[in-house]
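Note sheet for the following structure.
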Amino acid sequence: MASGRPVLVATDMQNGFVREQSAHIVPVVVDLVRRWQAAGNDTLFTRYLNYPGSPFERFFGWRKLQDAPETDIVPELAPYVEHGIVLDKPIYSPFTVEGEKLFQQHGWTEPYFCGIATESCVLKGAVDAFERGFTPWLITDACASHAGSEAHAAGLLVASRFIGPGQVITQANIPSSLVVATDRS
């Protein structure tokens with residue numbers, strides 16, 4: 001695929017997914033989004049919305065993330081959300097009909113995935129991007145699982161098998177042209 005514009009996909013950074021096992025990732029993603037946007041790059045914030053009768057409700061008996069405040073993006077990201085695009089989705093992936101249109105309209109072909117949860121929505125987005133011919137990147141130290149470190153590690157293992165081990169990176173591997181350096185003063 002011809003080179004296009006990168007986009008940071010901040011996956012499901014919502015109150016309902018922040019738990020003891022995933023809370024540590026909130027300030028990490030906030031800092032990454034701040035530095036990404038300071039470099040002038042696009043940010044897509046996905047927001048998972050569960051609904052009555054969804055497969056999650058039918059097969060898992062899971063009825064969470066149907067209403068605010070669970071569905072709200074964490075307040076720490078509020079200053080950055082207004083400078084990005086929010087995509088509501090009823091599935092794991094950002095590649096809904098509306099999401100596909102956003103990628104096409106903005107020329108995004110190089111998505112960088114971060115957020116919650118590594119083994120589900122982050123992974124599924126990266127795999128779907130791969131299958132659409134994009135160049136996906138999964139940022140290991142900017143994602144977490146609310147199911148704990150074992151689920152996070154499993155997601156990273158599967159990602160390296162599905163999108164390529166070279167596509168599973170840390171923040172240090174993001175090209176310096178895409179993020180403003182961390183202030184070390």
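Report, please, the projected area of the stretch 55-185 averaged over directions, based on the convex hull of its C-alpha atoms, in nm².
Mean projected area of the Cα convex hull: 9.7 nm².
About its Cα centre, how strong a charge dipole does the chain have in debye, to the nearest 20, once Lys and Arg get +1 and Asp and Glu get -1 at the Cβ?
On the way: 14 positive and 20 negative charges, 52 e Å.
Using Cβ point charges on Lys, Arg, Asp and Glu, the chain gives about 260 debye.
Quickly estimate the mean residue ellipticity at 222 nm for the chain, helices only: each DSSP H run with n ≥ 4 gives -39500 (n - 2.57), and the total goes over all residues, rounded to 500.
-9000 deg cm²/dmol
To the nearest 10 degrees, how steep is helix 149-163 against the longest Cα principal axis of the chain, on a 0 to 90 scale?
60 degrees
Applying the Karplus parametrisation 6.51 cos²θ - 1.76 cosθ + 1.60 with θ = phi - 60° to the phi angles of the stretch 120-127, what ³J(HN,Hα) value in whole Hz is obtained for each residue in order, glycine and proline being reported as x?
Those phi angles translate into 10, 5, 5, 4, 4, x, 5, 5 Hz.
In percent, how large is the relative contact order of the stretch 33-100, given Cα pairs closer than 8 Å and 6 or more residues apart?
41 percent
Would you please give the residues with an amide H less than 5 Å from that of VAL7, counting only those at least 5 places away or on a separate chain, with H modeled from the backbone geometry?
Distant-sequence amide H within range of VAL7: GLU110, TYR112.
Please name whichever of PRO175, THR118, GLY84 sits farthest to the positive end of the charge dipole of the chain, dipole taken about the Cα centre and charges placed at Cβ: Lys and Arg +1, Asp and Glu -1.
PRO175
Give the percent of DSSP beta bridges with both residues in the chain that are antiparallel, rounded to the nearest 5.
Once the DSSP bridges in the chain are tallied, antiparallel ones form about 5 percent.
Determine, for ASP72, ASP128, the number of other Cβ atoms within 10 Å of each Cβ, and report the residues in order from fewest to most.
Ordered by Cβ neighbours within 10 Å, fewest first: ASP72, ASP128.
Taking Cα pairs under 8 Å and at least six residues apart, what relative contact order does the chain come out at, in percent?
Reported as a whole number, the value is 28 percent.
To make sure I understand, if each residue's beta carbon is the centre and we count other beta carbons within 10 Å, what order do SER145, SER22, SER176 fall in, fewest to most? Intermediate values should be presented prior to the final figure.
Numbers: SER145 25, SER22 22, SER176 9.
Fewest-to-most Cβ neighbours within 10 Å comes out as SER176, SER22, SER145.
Counting only other residues whose beta carbon sits under 15 Å from that of VAL97, what net charge do I get with K and R as +1, D and E as -1? Walk me through the numbers before you get to the answer.
Details: positive: LYS89, LYS101, ARG132; negative: ASP88, GLU98, GLU100, ASP128.
Result for the neighbourhood of VAL97: -1.
With a 10 Å radius around each residue's Cβ, average the other Cβ atoms per peptide and rank 79-89, 129-139, highest first. Show your work: numbers first, answer last.
Working: 79-89: 15.3, 129-139: 19.8.
With the highest mean Cβ count within 10 Å placed first, the list reads 129-139, 79-89.
Read-outs: derived from the displayed coordinates by stated rules, not from any lab. Here the structure is a predicted model, which means the values were calculated and not measured. Glycine also receives a Cβ, built like all others from the backbone with ideal geometry; neighbour counts cover every protein chain displayed.
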